[in-house]
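Report on one structure; see the data block that follows.
The values are calculated or read from the model by the stated rules, or taken from the named source; none is laboratory data. All values reported here derive from a predicted model rather than from experimental measurement. Every residue, glycine among them, receives a Cβ derived from its backbone with ideal geometry; neighbour counts consider all protein chains shown. Side chains are part of the model used for accessible areas, which takes the heavy atoms of the whole protein and leaves out ligands, DNA and RNA. Shrake-Rupley method; radii C 1.70, N 1.55, O 1.52, S 1.80 Å.
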Amino acid sequence: MTVTVLAILETDFKPEKNLAKVMNDRLMRTARDLQEVHFKPLSGRGFSSDDLVVYISYNPKYKIRFRIVNDVPADIEYFVAECCGRLGYILWKANAIGVSRADL
């Protein structure tokens, strides 16, 4: 399994320039740490065509949030959620595009 963790540096809010640099550096270190240390047990698992892509970013309260952006088995989803939860990261809840309240 190929594991990729991407830091999304663009956010819904604009921190000051100095704060943004510190936050972005921290986010990039976190992405590298997740990929190389915490998700290491997933590397090489399954078929080589399988992959896991996780985005991380900040929410407006400066907490790190995560989101799996591709289809993965439930056990992989659980592993990522468990690992990120232990580190204090929150699930990145995405808005459904093109879905109105009437459709729900």
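A single entry from E82, E77 fulfils the requirement of being farther than 19 Å from L9 by Cα, modelled with pLDDT of 95 or more and either among the polar types (S, T, N, Q) or not in a loop (DSSP other than H, G, I, E, B) (or both): E82. Within the stretch 16-44, residues that are over 19 Å from Y62 (Cα atoms) reach partners that are among the hydroxyl-bearing types (S, T, Y) and surrounded by 12 or more Cβ atoms within 10 Å (Cβ to Cβ) with beta carbons closer than 8 Å, at six or more positions or on different chains, in the pairs Q35/T4; S43/T2. Of the residues making up the stretch 54-82, those that are open to solvent by less than 60 Å² (accessible area, probe 1.4 Å) and farther than 15 Å from H38 by Cβ are S57, Y58, N59, R65, N70, V72. Only a single item in (1) surrounded by 11 or more Cβ atoms within 10 Å (Cβ to Cβ); (2) out of contact with any Gly (no Cβ under 9 Å at 6 or more places or on another chain); (3) modelled with pLDDT of 85 or more; (4) hydrophobic (A, V, I, L, M, F, W, C) is not met by V37, and it is number (1).
Is there any pair with a first residue in the stretch 66-81 that is without any contact (Cβ under 8 Å) to a residue 40 or more places away in the chain and within 13 Å of W92 (Cα to Cα) and a second that is of a type in the set (S, T, Y) and not in a helix (DSSP H, G or I) whose Cβ atoms are under 9 Å apart and which are 6 or more apart or on different chains, and what are they? As it stands, the answer is F66/Y55; F66/S57; F66/Y89; R67/Y55; R67/S57; I68/Y55; V69/Y55, since those pairs meet every condition given.
With respect to the conditions (1) of a type in the set (K, R); (2) assigned to a loop (DSSP other than H, G, I, E, B); (3) at pLDDT 90 or above, R65 falls short on a single one, namely (2).
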